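Note sheet for the following structure.
Nothing in this text is a laboratory measurement; each read-out follows from the coordinates by a stated rule. Nothing here was measured: the structure is a model prediction, and the numbers come from that model. Note that we place each Cβ from the backbone using ideal geometry, even for glycine, and neighbour counts take in every protein chain shown.
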Amino acid sequence: VHVINDDAVRWLESNADVYDAIVVDFPDPTNFGLGRLYSVPVFRLLARHLSENGYAVIQSTSPYFAPHAYWTIIATLHEAGLNTWPYHCYVPSFGDWGFVIAGKRRDFTVPTHYSVPTRWLDAQTAAEMFHFPADMP
């Protein structure tokens, strides 16, 4: 695991490394400056750093409390040329929280088993994270 704690845009612009997995935990896009992080140019930079078979997971606000912001992030990733698989789960300090898996590949399969012990995650729970109820447009 290689953790990078730096200005995201500056790092993406100045680095050429390619990864199989990228975890993006930007602050919520609550103002114009932070909203820039969730833009087509930044997501295109992110795509340059993903291997052909790699995936990124992006924290994407709450699909319940901020559905417009959540689905706009997903549309922006599409516009940047990435395929997406949105999901959500309950985070104790935040409530129902949204994420998205993005990649160059067109396929993604929700895992049905894990090679490491998990306390809360199983095949049923994982599958349910990719389901959005009718009251969560």
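Of the residues that make up segment 73-90, is at least one part of a helix (DSSP H, G or I), within 19 Å of GLU128 (Cβ to Cβ) and either touching a strand residue (DSSP E or B) at 6+ places or on another chain (Cβ under 8 Å) or of a type in the set (Lys, Arg) (or both)?
Step one: filter segment 73-90 for residues part of a helix (DSSP H, G or I), giving 73-79.
Those left that are additionally within 19 Å of GLU128 (Cβ to Cβ): 74.
Applying the additional criterion that residues be either touching a strand residue (DSSP E or B) at 6+ places or on another chain (Cβ under 8 Å) or of a type in the set (Lys, Arg) (or both) yields 74.
Yes, because at least one residue in segment 73-90 is part of a helix (DSSP H, G or I), within 19 Å of GLU128 (Cβ to Cβ) and either touching a strand residue (DSSP E or B) at 6+ places or on another chain (Cβ under 8 Å) or of a type in the set (Lys, Arg) (or both).
In segment 103-130, the qualifying residues are those that are outside any helix (DSSP H, G or I) and touching a His at 6+ places or on another chain (Cβ under 9 Å), and the one that is farthest from ALA47 (Cα to Cα) is ASP122. For segment 34-74, residues that are basic (Lys, Arg) and under 19 Å from TYR19 (Cβ atoms) total 2.
Across segment 88-124, the qualifying residues are those that are within 15 Å of the chain's Cα centre (by Cα) and among the aromatic types (Phe, Trp, Tyr), and the one among them that is surrounded by the most Cβ atoms within 10 Å (Cβ to Cβ) is PHE99.
Residue pairs whose Cβ atoms lie under 6 Å apart, separated by 6 or more positions or on different chains, with the first residue in segment 67-91 and within 15 Å of ARG106 (Cα to Cα) and the second surrounded by fewer than 16 Cβ atoms within 10 Å (Cβ to Cβ) and not hydrophobic (A, V, I, L, M, F, W, C), are ALA80/ARG44; ASN83/ARG106. Just wondering, is there one or more residues in segment 40-57 that are under 19 Å from ALA127 (Cβ atoms), in contact (Cβ under 8 Å) with a residue 40 or more places away in the chain and assigned to a strand (DSSP E or B)? Checking segment 40-57: at least one residue is under 19 Å from ALA127 (Cβ atoms), in contact (Cβ under 8 Å) with a residue 40 or more places away in the chain and assigned to a strand (DSSP E or B).
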